[in-house]
Amino acid sequence: MSGQGGVGKSLVTDLLAVALGRAGYRVGILDADLTGPSIPRMFGINGRPIGSANGILPIPSETGKPVMSMNLLLESTDQPVIWRGPLIDKALRQFGKEVLWGRLDYLLIDLPPGTADAVLTVMQSFPIDGVVIVFTPQDLVDMIVRKAINMVGIMERRVLGVVENMSYLYVPEIDRRIELFGPSRGKEMARIANAPLFGHIPIDPSLAALCDRGTIENYDSAIVANLGSALIQALDRPIG
Ligand SMILES: Nc1ncnc2c1ncn2[C@@H]1O[C@H](COP(=O)(O)OP(=O)(O)O)[C@@H](O)[C@H]1O
Ligand SMILES: [Mg+2]
């Protein structure tokens with residue numbers, strides 16, 4: 001989760017899923033953000049989930065990760081979502097009970113920004129192990145992160161770790177890292193959250209291109225593996 005939109009929540013969800021998949025775990029992704037089909041888009045998924053007598057079948061990604069998103073049930077992806085809170089709440093609860101994930105080691109849930117209804121529903125009705133908070137090194141980030149942390153506390157959940165996205169831009173021609181949005185706030189946020197910093201993700205044009213092409217599962221960077229092992233460590237599970 002994060003307090004803001006556009007900070008890379010969906011991207012981090014996907015990279016964590018990719019990392020866990022590469023480490024040999026079976027991982028599913030539930031997209032609980034109705035404001036846009038980021039998750040299906042990054043995985044190149046545009047089919048419609050089909051129902052069976054036993055439940056709703058998620059759609060597999062290229063590498064076979066089951067993905068479920070309410071965005072996949074909308075008539076068209078450019079249709080604005082005007083569902084009201086209670087309806088979203090009901091649909092999410094239904095997803096929790098009726099999606100046929102198969103056997104999974106991990107289910108990652110991508111939340112909408114802030115403290116919307118869907119966030120409350122997920123925190124209340126899913127047996128979550130913890131929350132990963134995503135932020136960028138911009139103004140007001142400490143206020144926004146504190147809000148998210150407070151909410152996690154109120155819901156009696158724990159913050160597993162924090163991830164700083166868009167930390168810097170690496171320019172190979174001059175072999176320099178440029179901190180476009182200002183100096184890193186990672187350590188500070190980890191202290192505020194009383195949780196480990198899982199990593200810094202740079203602004204990477206090749207990553208944005210993979211997102212646009214729906215091929216995020218091809219992202220090849222040490223950053224991915226490091227995020228995954230940090231998460232597994234935070235969950236006190238053996239790696240690999
Ligand atoms: N580190 C990054 N490098 C390059 N592009 C990024 C990075 N993080 C996010 N983006 C781009 O920004 C867009 C918004 O990210 P997204 O994960 O959808 O944000 P959120 O889920 O927080 O709204 C994505 O489509 C992605 O292409
Ligand atoms: Mg998103």
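Scanning the range 1-29 for residues that are under 24 Å from I149 (Cα atoms) and either more than 14 Å from ligand 1 (Cβ to nearest atom) or in a helix (DSSP H, G or I) (or both) yields K9, S10, L11, V12, T13, D14, L15, L16, A17. The residue list R185, R191, R176, R146 contains one member that is farther than 28 Å from G44 by Cβ, buried (at least 17 other Cβ atoms within 10 Å of the Cβ) and among the charged types (D, E, K, R), which is R185.
Among the helices (runs of 4 or more DSSP H) lying completely within the range 122-240, list those that include at least 1 residues that are more than 27 Å from D105 (Cβ to Cβ) and away from ligand 2 (no atom under 16 Å from the Cβ). Even if it seems obvious, please write down each step before you answer.
Working: elements: 141-154, 186-193, 205-213, 222-234.
The qualifying helices (runs of 4 or more DSSP H) are 141-154, 186-193, 205-213.
Listed here are the residues, each with its yes/no results for (1) of a type outside the set (D, E); (2) touching a Phe, Trp or Tyr at 6+ places or on another chain (Cβ under 7 Å); (3) surrounded by 15 or more Cβ atoms within 10 Å (Cβ to Cβ); (4) closer than 18 Å to Y25 by Cα.
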residue	(1), (2), (3), (4)
P205	yes, no, no, no
G214	yes, yes, yes, no
L227	yes, yes, yes, yes
L231	yes, yes, yes, yes
L235	yes, no, no, yes
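In the condition set (1) buried (at least 17 other Cβ atoms within 10 Å of the Cβ); (2) over 21 Å from the mean Cα position of the chain (by Cα), Y170 is compliant with all but (1). Listed by first and then second residue, the pairs linking a residue in the range 9-33 that is among the basic types (K, R) to a residue that is in a loop (DSSP other than H, G, I, E, B) and within 13 Å of ligand 1 (Cβ to nearest atom), with Cβ atoms under 8 Å apart and 6 or more places separating them unless they lie on different chains, are K9/M1; K9/S2; K9/D33; K9/L111; K9/P113.
Mind telling me which of the residues D31, D105 ends up being acidic (D, E), within 12 Å of ligand 2 (Cβ to nearest atom) and within 22 Å of G130 (Cβ to Cβ)? Walk me through how you get there before you give the answer.
On the way: D105 fails: within 12 Å of ligand 2 (Cβ to nearest atom).
Of the residues listed, the single one that is acidic (D, E), within 12 Å of ligand 2 (Cβ to nearest atom) and within 22 Å of G130 (Cβ to Cβ) is D31.
Read-outs: derived from the displayed coordinates by stated rules, not from any lab. Keep in mind that this is a model prediction, so the values were computed, not measured. When we count neighbours, we look across all protein chains shown, and the Cβ atoms used for this are built from the backbone with ideal geometry, even at glycine.
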